[in-house]
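The values are calculated or read from the model by the stated rules, or taken from the named source; none is laboratory data. Note that the coordinates shown come from a computational prediction; the quantities given were computed from them, not determined experimentally. So basically every Cβ, Gly included, is an ideal-geometry build from the backbone, and we count neighbours across all protein chains shown. With ligands, DNA and RNA removed, areas are computed over all heavy atoms of the protein, side chains included. Shrake-Rupley method; radii C 1.70, N 1.55, O 1.52, S 1.80 Å.
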Amino acid sequence: MAPWCYCLLAFLIRSLSGTPSNSPGELRNPWVTGPVAPGEVVETADEVCKFPGQRLSWWQAQESCEQQLGHLVLPPPDELLAAQLPDPIWVGQREAPLQRPPQRRARSTATLMFSERSADRAARLRTPLPALGALTACAHVQWDATSSDPAALFSLAVPTLANALQLRAFAEPGGAVHAALVVRGHHAPFRAAFRADGRWHHVCVTWEQLGGRWSLFADGRRRSGARGLGAGHPLPPDGILVLGQDQDSLGGGFSARDAFSGNLTDFHLWARALSPGQMHRARACAPPPGGLLFRWDLGALDVTPSLLPPVWVRLLCPVPSEECPSWDPAPHTEGSLLCLQPLPFLCCYRTEKYRRLQDAQSWPGQDVISRVNALANAIVLLPDPLSEAHGDLSLTEAANFLRILEGVLAKEAAPLGPAALLAVLHFLKRVAALGTWEPEPTTGPWEQLGQAVMSVASLVLEEPLAGVWLSVSEVAGGPMALVASVQRLAPLLNSVLTSERPRMHLQHRHAGLEVRRLHLREASTEGYVFTVPGGHPEGPGHILIPAAEVRRLLGKGLSGVTVIHSWFSSSVFQHTLGAPDQEPRAPDSSEETSRMQRFLSTQVGSAIISSEVWDETGEANTAVTFHLQHQAQAFPPKLVEPVCAFWNFSISPDSGGSWATTGCSVTAMYQGSTACFCNHSTNFAVLLQVYDVQRGPEEESLLRTLSFVGCGVSFCALSTTFLLFLAAGVPRSERATVHKNLTFSLASAEGFLMASEWAKANKVACLAVTAVMHLLFLVAFFWMLVEGLLLWSKVVAVSMRPGPRMPLYYATGWGVPVAIVAISLAMSPRDYVATGHCWLNVHTDAIWAFVGPVLFVLTANTCILVRVVIVTVSSARRRARMLSPQPCMQQQLRIQMWATVKPVLVLLPVLGLTWLVGVLVHLSPAWAYAAVGLNSLQGPYIFLVYAAYNGEVSPGTQAAAGVGCGWGWVGLTCRGLCTQPVGVGEGSQPCPCPILQVRSALRRMTEKKAAEAFTARSSPTGPGFHSRPSCPWEVARDDPRVLAPPQRHLALRGTHGPRIPTTFSSIAEPERPVRLGQGWQGSTKGLAVVTRRVRETTGISMGLGWGLLLGTQGASSVNS
């Protein structure tokens, strides 16, 4: 292709897709995959990411993204995005608690500078050491990266052994510093400890004579360790410790070849092996005092003149050597780099959230933003939340701007608009991030800053702003984002506290904060109680750090801590943090409780209170108890259950977090207040779960008794039906097979249901019973579906030709339920069984493995029933028109109403549609009683229709029992008249019962009359023949056989005149009348065919009583 073709193609692509733009806020052209430029926005499949163009530390990058209401890009970045990254970038953490930068205390300390390798540079401990069975040595080290020969960082010699213990290391140029421990002359292997980057690193070694265990730690991580190094023997007493040199003799024998090159400070020695947590404290410039032999003090050392005077350096504790997650685009791998190393980063947003933030400039509230910026003569509040603030915010500027903002908000008469509230929240985030950008709190107006922050927080929590908070919750995280900003700022206020003023208390209408220095020994007896304004230290309104927790902190070597408590009381939290669909279940809730009451919503019922404990190394987690007052009077007709909860920022970080109950429990409930215990410290509240009371305990007990009795009755009826089907020798057919499977599965399911109460004590047995009941009830419902499908094939989509449908029916009735149960157990085995009850857990998705298929079956059977009713009404209308060409309106209504009601009454229980009432049990107790009654009658109904009044079951049962006289008083009478046994096999004779002979004669007479009447009506040459009427089914009006009403035959109890032709017509062709005069000719053979076809499709087939519902003589007459 010619070059101009490539140019033209490139021009067309750029024209269609848009040219790339580097202006902030514009989306980058996805066709362009060059390096991303500062301020550019790139849209991926799920997110929109913005490249600020700055190089910041990990903590600063995270704070910068959070200020702009976004988050650091999560690893791994999208492929389109990764292809445009030229350098490593910072990435975020998927699941992490509320992120805070570590509290680094600036510490100035004397440092020994071993600037070159020389034999005259050393520092010796003046006091000899005792015998050591274990030890730990730690120091902050700056290693000379050019020193590639092994050197001794420190050495310990005893009178009998020069190389009793020493730590040796060497630097690999451009690589790492490798270190090894030597004990009693035994040398451990060199292992990489830290980078040879010229930075300060914290190094520790531990050794124990028991087993010779040793470990090497660097920057808080265990780098190597093993057993068998100098085991079994302690280090002898009177040892001499020397820093920076290897001792070839006791206290001397130095050589330049083994001398240390670099800087060393903060050396400590313990006569025990420290735990990793204790070494973390040592690394954070807070060495644990227990077993400490030497604390860094140049006055306790003999320092050679060449190392004097010492150099004072300023360390930030922990030293800047933490590593944070990063992403390297070259090998496409996730790694870690020093957190304080400046790197580029990406701030990302969900696409929908980014679109809403783009529209924020058009939201109401811009006038307040303009007024504040004009008074401050600076950009304090950003009109565009996606824009970046220019310049760093100093402590003094922040305090002044907050005073201006406080004045404007206090004078504002109308509620803030969404844009102004979003801008205020953004500015408070900037103020709270002062500790991130300035690691060491400097002197300044910290107290004034804290007062202004709490005042502004209280002003934006006024009740009229509840609706505004709701409108910005999806993009800003709701009012808990404000709580998070206050809590990030609170530890910085510790710099204001002194021994003369150990407490700072800030209180406003809707928010308060207290920062206090606590001496642990003073609180070790009764614990520490904090009381909110208006609260009581022994009643509602307090939070307690138990004495056991205080003693635990003392056991860690702490003497004092900083305790921070904050509280927020506003209806804004009730309006924005409650959720109609959020139900943090209490641990002791049960399935029985859930049946007695219906969950409605969760509301925040109390103030939000928080407790934090900080020591020198950062936040210390402690258990707390709290007692808060709540208002339940707002729900007088409802049941309100208090739940102790805390706000978890790591759940749904995009939405700001969510309530959780892990580790929290209710300890006591009072009228209007609740006491709680939580095994951690964070933000707490009492949530109110609102329920609609369904029924009381007495009513629940009555329903349980009625259910058990009804289930037992149904189980007996179904079991009897199934046994009768087996004993009666019913001819093999599709409907008989379906009946057997339905009765067997339903009877088995109800049997296991009655026995499930005895399996609750054993978890394995309960799981097995639940799975079996789940399977059997699903099998029963799917065989009900098969009943409906078979009914459809016989009545609606009529097909007289038998087909291979049974394999499909078996696959539906048994295969589908087995697959559903297997998948359910495989996907959620732990959430499968409910607590305290052997059935599916209704509070997880496991219940849908039963409810979903059941609703599908009931919906399908409902559609089938509606269609069958339509066919039945149509058939009844045609039959009425045939028998009476001009029936009166009242007769038509009566016929059609009966044709509608009759199939509904017959088919509802057998198709399982009575279970639809179970969906309504939560509305009223009356529906619960109705569901128990209807489902209890399902078994007896099936027994009556399938067995007692089934023409195929009754004769076989009578023959098997040795009585041929049927059921009832006739059989009982003949039982006494029979003088010879009656068999059921070949050649057996019927019982010579006179009553039965009379009944048989009456039946034969009736059938003969029916055949004659049918032949007369259908034959064109029979008696009463007239010329053919205009309509195929229209007959002569003067025909007395037509005008005469149907005669009731006493011999056939409950039946009417012969209706065989109309019945067959309605079944074979429901929508098209059959011309019986053509082809049948009134012959007896034709009548036999009709009778056989009707027998095949009527009786009580499908357990549905088709003969009854379609208007035939009845199953007993046809089958006889």
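Of Val41, Val36, Val73, which residue is within 26 Å of His390 (Cα to Cα), at pLDDT below 80 and open to solvent by less than 20 Å² (accessible area, probe 1.4 Å)? Please lay out each step first, then the result.
Numbers: Val41 fails: at pLDDT below 80; Val73 fails: at pLDDT below 80.
That would be Val36, the only listed residue that is within 26 Å of His390 (Cα to Cα), at pLDDT below 80 and open to solvent by less than 20 Å² (accessible area, probe 1.4 Å).
Being more than 30 Å from Lys429 (Cα to Cα), assigned to a loop (DSSP other than H, G, I, E, B) and at pLDDT below 70: is that true of Pro102 here? Lay out the reasoning, then the answer.
Values: more than 30 Å from Lys429 (Cα to Cα): no; assigned to a loop (DSSP other than H, G, I, E, B): yes; at pLDDT below 70: yes.
No, not satisfied.
For Met773, state whether it is under 25 Å from Thr859 (Cβ atoms), in contact (Cβ under 8 Å) with a residue 24 or more places away in the chain and crowded, with 19+ Cβ neighbours inside 10 Å. It would help to see each step written out before you state the result.
Working: under 25 Å from Thr859 (Cβ atoms): yes; in contact (Cβ under 8 Å) with a residue 24 or more places away in the chain: yes; crowded, with 19+ Cβ neighbours inside 10 Å: yes.
When the stated conditions are applied, Met773 passes them.
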Practice item. Could you check how many residues of segment 175-199 are within 18 Å of Cys339 (Cα to Cα) and open to solvent by 30 Å² or more (accessible area, probe 1.4 Å)? Key: 4
Exercise for review: Name the one entry in Leu153, Leu241 that is in a strand (DSSP E or B), over 30 Å from Ser336 (Cβ atoms) and in contact with a strand residue (DSSP E or B) (Cβ under 7 Å, 6 or more places away or on another chain).
Suggested key: Leu241
Point to revise | Only one of Ala586, Ala607, Ala620 that is among the hydrophobic types (A, V, I, L, M, F, W, C), touching a strand residue (DSSP E or B) at 6+ places or on another chain (Cβ under 6 Å) and at pLDDT below 75 | key: Ala586
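Let me confirm something: among Phe154, Phe190, which residue is among the aromatic types (Phe, Trp, Tyr), modelled with pLDDT of 90 or more and over 14 Å from Asn263 (Cα atoms)?
Values: Phe154 fails: over 14 Å from Asn263 (Cα atoms).
Phe190 is the lone residue from the list that is among the aromatic types (Phe, Trp, Tyr), modelled with pLDDT of 90 or more and over 14 Å from Asn263 (Cα atoms).
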Exercise for review: Could you give me the residue pairs with C-beta distances under 6 Å whose first residue belongs to segment 701-714 and is under 14 Å from Ala930 (Cα atoms), whose second residue is small (Gly, Ala, Ser) and in a helix (DSSP H, G or I) wherever it lies, and which are 6+ apart or on separate chains?
Suggested key: Leu703/Ala928; Gly710/Ser936
Check your understanding: Based on what the data block shows, is Ser824 open to solvent by less than 20 Å² (accessible area, probe 1.4 Å), of a type in the set (Ser, Thr, Tyr) and out of contact with any strand residue (DSSP E or B) (no Cβ under 9 Å at 6 or more places or on another chain)?
Key -> no
**Study point:** Of all residues in segment 733-762 being under 29 Å from the mean Cα position of the chain (by Cα) and free of Cβ contacts under 8 Å to residues at least 40 places away in the same chain, the one that is most open to solvent (accessible area, probe 1.4 Å)
**Key:** Ala761
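If you go through segment 712-725, how many residues are touching a helix residue (DSSP H, G or I) at 6+ places or on another chain (Cβ under 8 Å), of a type outside the set (Gly, Ala, Ser) and open to solvent by 20 Å² or more (accessible area, probe 1.4 Å)? Explain how you work it out, then say what you get.
Narrowing segment 712-725 to residues touching a helix residue (DSSP H, G or I) at 6+ places or on another chain (Cβ under 8 Å): 712-722, 724-725.
Next, only the ones that are of a type outside the set (Gly, Ala, Ser) stay: 713, 715-716, 718, 720-722, 724-725.
Among the residues that remain, those that are also open to solvent by 20 Å² or more (accessible area, probe 1.4 Å) are: 713, 715-716, 720, 722, 724.
Going through segment 712-725 one residue at a time, the tally reaches 6.
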Review point. Can you name every residue in segment 200-229 that is open to solvent by 10 Å² or more (accessible area, probe 1.4 Å) and part of a loop (DSSP other than H, G, I, E, B)?
Key: Trp200, Gln209, Leu210, Gly211, Arg213, Asp219, Gly220, Arg227, Gly228, Leu229
Exercise for review: Among the residues of segment 448-501, write down those that are closer than 17 Å to Leu428 by Cα and among the polar types (S, T, N, Q).
Suggested key: Gln448, Gln451, Ser455, Ser458, Ser473, Ser485, Gln487
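Scanning for something outside any strand (DSSP E or B), more than 49 Å from the chain's Cα centre (by Cα) and farther than 30 Å from Gln341 by Cβ, does segment 267-286 turn up at least one residue? Spell out how you get there, then give the answer.
First, the residues of segment 267-286 that are outside any strand (DSSP E or B): 271-286.
Right, trim to more than 49 Å from the chain's Cα centre (by Cα) and you get 271.
With farther than 30 Å from Gln341 by Cβ added as a condition, the list becomes 271.
Yes, there is a match, as at least one residue in segment 267-286 is outside any strand (DSSP E or B), more than 49 Å from the chain's Cα centre (by Cα) and farther than 30 Å from Gln341 by Cβ.
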Point to revise | Lone qualifier among Thr109, Thr127 - being surrounded by fewer than 21 Cβ atoms within 10 Å (Cβ to Cβ), modelled with pLDDT under 90 and of a type in the set (Ser, Thr, Tyr) | key: Thr109
Check your understanding: Inside segment 486-504, can you point out the residues that are open to solvent by less than 20 Å² (accessible area, probe 1.4 Å) and part of a loop (DSSP other than H, G, I, E, B)?
Key -> Leu497
Check your understanding: Can you name the condition, by its number, that Arg879 falls short on among (1) surrounded by 18 or more Cβ atoms within 10 Å (Cβ to Cβ); (2) more than 30 Å from Lys760 (Cβ to Cβ); (3) modelled with pLDDT of 85 or more?
Key -> (3)
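Provide a single number: the residues in segment 657-671 that are open to solvent by 20 Å² or more (accessible area, probe 1.4 Å), in a loop (DSSP other than H, G, I, E, B) and more than 16 Å from Ile609 (Cα to Cα). Give the derivation first.
Kept after step one, since they are open to solvent by 20 Å² or more (accessible area, probe 1.4 Å), are these residues of segment 657-671: 658, 661-663, 665-671.
Next, from what is left, pick out any that are in a loop (DSSP other than H, G, I, E, B): 661-663, 671.
This time we only want the ones that are more than 16 Å from Ile609 (Cα to Cα), so: 662-663, 671.
Total meeting the criteria: 3.
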